[in-house]
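The values are calculated or read from the model by the stated rules, or taken from the named source; none is laboratory data. As the structure is a prediction and not an experimental result, all values here were calculated from the model. Backbone-built Cβ (ideal geometry, glycine too); neighbour counts: all protein chains shown. Ligands, DNA and RNA are stripped out before the accessible areas are found, and what is left, the full protein with its side chains, is counted by its heavy atoms. Shrake-Rupley method; radii C 1.70, N 1.55, O 1.52, S 1.80 Å.
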Amino acid sequence: YQTPKLDTRAAIFQGEKILLVQESDGLWSLPGGWADVDITVKENTVKEVKEEAGLDVTADLVIALQEQRRRNRPVNAYGICKVFVLCSLLGGSFQPNLETLDSRWFALDELPPLSTGKTTEEQIRMCFDAYHAEHWTTLLD
């Protein structure tokens, strides 16, 4: 039987700005990607941030588990569970790589064109809400 794929997305903040990476199509998203079979969601989140943004982070809190087909466009032919993780920045810097063209920090009111299959403005707003919350309860679809 079919099972959903896991897609991890990292929410990393620097003051009132969130980190986004520029995909090869020129659009922007939270750093992340497919979860590898042999590592945990936490480990995958940290790995994807390093690969796409060149940053070292800790994965601290699951913000939400969302069904991709309910929230992102275009809808994929297979099921995807998106895991949004609040992370803390330890260090590092962007390095040219095969997956992303650039990474930058954006305020909520200055978001660039988004790769909506990966990250929507609503999902970024949710990450800001979690970042500002004193006590966050994981959101579940």
Mean separation of Cα contacts under 8 Å (at least 6 apart) over the residue count of the range 1-60, i.e. the relative contact order in percent, is 30
I want the antiparallel fraction of DSSP beta bridges within the chain, as a percent rounded to 5. 70
Label-to-label distance, nm, for residues given as K50 and T137 (7 Å Cα→Cβ offset): 3.5
Heavy-atom accessible area per residue of the range 14-141, all protein chains kept, 1.4 Å probe, expressed in Å², is 53
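Please give the net charge around D25, taking every other residue with its beta carbon less than 13 angstrom from that of D25, where Lys and Arg add +1 and Asp and Glu add -1.
-2
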Cα shape, the range 54-141, gyration tensor, a/c 1.5 rule: oblate
Could you check how much of the accessible area of the chain is carbon and sulfur, as a whole percent, using a 1.4 Å probe? 53
Distance between Cα centroids, the range 42-92 to the range 104-141: provide it in whole Å. 11
